[in-house]
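Enquirer: Structure below; questions to follow.
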Amino acid sequence: MKRFLGLVMVLGLVLVLGRVAMAGDTATVTVSANVVGTCKFLTGGAMAFGDLDPSSGADKNATVTQPTFWCTKNATYTINDDLGVNESGTQRRVVNGSSEYINYSMSYTGSGTGGGRTDTKTLDIAGTITFAAYQNASAGGYNDTVTLTIAP
């Protein structure tokens, strides 16, 4: 028993002296991240003028399915387009199979600030074909394709 008691005292002394003899230290870890400004279209759109009746004497507004998109929160975005594949200078045009063209206009507000991925935005497009542009056009279908580009 004395031997056991002596061993316990020696171990206790080693532990106490060991703690006194050791010294600790601290260090810092720098953590960083960067949220990338991103914008993505969720859906495309469509601009349908429907039937253009030369006897109407009236301009024709398009029925529009609006594109939707999102942008990183607080990212300033701009939306641009290529004027369509049938453009001539700055004039947008739809074309039929005979290479006959009808001029049209397309407008939208192409800038703003993102609200994050869960804040879906709608691009409000409007389009018009004036009566003067189609009053002497050949019968048949006309089309164009406009590519939109969005960037933060």
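Enquirer: Between beta-carbons, use under 10 Å as the cut-off and find the net charge around GLY127, counting Lys and Arg +1, Asp and Glu -1. Kindly include the intermediate steps, with their values, before the conclusion.
Expert: Numbers: positive: LYS60, ARG92; negative: none.
Residues close to GLY127 contribute a combined charge of +2.
Enquirer: Sequence gap at least 6, Cα distance under 8 Å: using those rules, report the relative contact order of region 69-112 to the nearest whole percent. It would help to have the intermediate numbers written out before the result.
Expert: On the way: 39 pairs, mean separation 15.9, N = 44.
Once normalised by length, the contact order is 36 percent.
Enquirer: Another question, if that's okay. Could you state the orientation-averaged shadow area of the convex hull built on the Cα atoms of region 46-134, in nm² to one decimal? It would help to have the intermediate numbers written out before the result.
Expert: Values: hull surface 27.1 nm².
Its Cα hull, projected and averaged over all orientations, spans 6.8 nm².
Enquirer: In degrees between 0 and 90, to the nearest 10, how far off the longest principal axis of the chain does helix 2-21 point, with axes built from Cα atoms?
Expert: Once rounded, one gets 50 degrees.
Enquirer: How big is D, in µm² s⁻¹, for the chain by Stokes-Einstein at 37 °C and 0.692 mPa s if Rh is the Kirkwood radius over C-alpha pairs? Provide the component values of the computation, followed by the final result.
Expert: On the way: Rh = 20.9 Å.
For these conditions, the coefficient is 157 µm²/s.
Enquirer: Give, as a single signed number, the net charge of other residues whose beta carbon lies under 13 Å from the beta carbon of ALA139, with Lys and Arg counted +1 and Asp and Glu -1. Walk me through the numbers before you get to the answer.
Expert: Values: positive: none; negative: ASP51, ASP53, GLU100.
Local net charge: -3.
Enquirer: Mind listing the long-range amide H neighbours of GLY112? Cut-off is under 5 Å, sequence gap 5 or more, other chains count too, H placed in the peptide plane at 1.01 Å from N.
Expert: TYR77
Enquirer: Go ahead and estimate [θ] at 222 nm for the chain from helices alone: -39,500 (n - 2.57) per DSSP H run with n ≥ 4, summed, over the residue count, rounded to 500. Mind dumping the intermediate values first?
Expert: Working: 2 runs with 24 residues, N = 152.
Using -39500 (n - 2.57) per qualifying helix, the result is -5000 deg cm²/dmol.
Enquirer: All other residues with a Cβ under 15 Å from the Cβ of CYS71 taken together, and with Lys, Arg as +1 and Asp, Glu as -1, what is their net charge?
Expert: Values: positive: LYS40, LYS73, ARG117, LYS121; negative: ASP119.
Neighbourhood net charge equals +3.
Enquirer: Could you give the distance between the Cα centres of region 116-148 and region 27-102, to the whole Å?
Expert: Cα centroid to Cα centroid, the span is 9 Å.
No value in this document is a laboratory result; all are computed from the given coordinates. On a predicted model such as this, the values are computed, not experimentally measured, just so you know. Note that we place each Cβ from the backbone using ideal geometry, even for glycine, and neighbour counts take in every protein chain shown.
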